[in-house]
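These notes are about the structure you will find just below.
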Amino acid sequence: MGILNITPDSFSDGGRFAQRDLALRHAAEMVAAGATLIDVGGESTRPGARAVSSVEELERVAPIVEAISRELDVIISVDTSTPAVIRETARLGAGLINDVRSLRRDGALDAAVATGLPVCLMHMRGEPTDMQDDPHYDNLVGEVSSFLQERMDACVAAGIAAEKIILDPGYGFAKTLEHNLSLFKHMEALLALGRPLLVGVSRKSMIGKVLDKPVDQRLYGALALAGMAMIKGARILRVHDVPETVDVVRMIAAVESAK
Ligand code: 8Y7
C-alpha cells in the first residue's frame, strides 16, 4: 500500500489541476513499482495537526480518487474518519476505507456499512491531538487486541462481513517507543483475531528514535521492519517508499515459495 498524502491547494502554486496531476503521477509511479493499493489521505493525523473540515477534506480527496479510479488499475484506499468522505469516495471508486479512528466518529460506521466496502480498523486511544500525552497500558498486547476485537464486533453487528475487515496495531498512535517496539515484537498475537494485519511504520518516529535519524533518513530502518512484519505474518504494508519495499517483499516471497 503506497501512501499518497494530499497537501492543501495553497501548497502548490500551480493550483488545483497541477495538484491533481502531481498526485496522479505519484500514484502511477507507485503502481508501476508494484503497489496494489494506494492510500489517499486528506486529513493529517500527525500529533497536533490542524483539524480539517469535512468539506475541505472532500475537496482535497475526491478529485484524486476520481482521477486514480479513471486512470489506474489499483485498489484505492481512503484514509478518512469522515462520513461524507466515506460515502462520496466510495461512489467515485474507492475500494477500502482506512480509518485510524476505527469508524467511531458519529455516522462513520453507518456510512461504511452503506458503501459495502472493506474496512481497516486501527488501534488508537484518544485523538491525534492528545494521543501522545503519556500513554499507559497495563497489558499492551491484550488491550490492543481487545480494542480491535470490540471494533470488529461493532462492525459485524452493524452489517460489515467479518471477511471485509483488516486490522492494524496502530504503530505511533497513543504509544511510546517501548510500546511500539513491544507491539511489533508481539505482532503475531494479533493474528489470533483471525483477520489480515496491515502494518504502517514507514518513516515513523519509532525508527527515528532507535536510529537517531531525521525523517528523510529512515528508509533502511523501515525496510528492516517491513521484512520483519512480513515474516511475522502481516499482509499489507503501508509505506512511502514503494519500489524499495516491493524488493523486500519479493525476496521474502521467493524464499518462502522455495522447496
Ligand atoms: C497509519 C495510517 C497513518 C497506520 C493505518 C503516518 C493514515 C501517520 N498511519 N493508517 N495512517 N495504519 N491503517 O506517519 O499506521 O503515516 S498517518
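The values are calculated or read from the model by the stated rules, or taken from the named source; none is laboratory data. Keep in mind that this is a model prediction, so the values were computed, not measured. Cβ atoms come from the backbone with ideal geometry, glycine included; neighbour counts cover every protein chain shown. The area values use the complete protein model at the heavy-atom level, side chains included, leaving out ligands, DNA and RNA. Shrake-Rupley method; radii C 1.70, N 1.55, O 1.52, S 1.80 Å.
Each peptide in 208-217, 229-238 receives the mean, over its residues, of other Cβ atoms within 10 Å, and ordering these scores from highest gives 229-238, 208-217.
For a quick check, take a GNM of the chain with Cα springs below 10 Å and name the residue from Ile207, Ile97, Ile38 with the largest mean-square fluctuation. Comparing Ile207, Ile97, Ile38 in a Gaussian network model of the chain, the most mobile one is Ile207. Computed over the chain, the P(r) tail beyond 36 angstrom holds 8 percent of alpha carbon pairs. Counted residue by residue at 0.36 nm each, then reduced by the alpha carbon distance between them, the extension gain from Met228 to Ser44 reaches 63.5 nm. The length gained by stretching the chain between Leu22 and Tyr137 to full extension, at 0.36 nm per residue less their Cα-Cα distance, is 37.2 nm. Take Lys164: with every protein chain present and a 1.4 Å probe, its accessible area is about 80 Å². Extension gain for the segment Tyr220 to Glu127, taken as residue separation times 0.36 nm less the Cα-Cα distance, is 30.5 nm to one decimal.
With the largest listed first and rounded to whole Å, the semi-axes of the equivalent ellipsoid of the stretch 126-177 from the Cα gyration tensor are 24, 12, 9.
Within the chain, what whole-number % of the accessible surface is contributed by carbon and sulfur, with the 1.4 Å probe and all protein chains included in the calculation? The computed percentage sits at 54.
Remark: the stretch 183-259 carries 56 Å² of accessible area per residue (probe radius 1.4 Å; ligands, DNA and RNA excluded). Highest GNM mean-square fluctuation among Ser182, Ser145, Ser102, for the chain modelled with Cα contacts below 10 Å: Ser182. Hydrophobic, long helices, defined as DSSP H runs whose alpha-carbon span along the helix axis is 15 Å or greater and whose mean Kyte-Doolittle value is at least 1.6, occur in the chain at 219-231. Here the ratio of the Cα radius of gyration of the stretch 113-259 to 2.2 N^0.38 Å is 1.08. Sorting the segments 219-226, 59-66, 70-77 by their mean number of nearby beta carbons within 10 angstrom, highest to lowest, gives 59-66, 219-226, 70-77.
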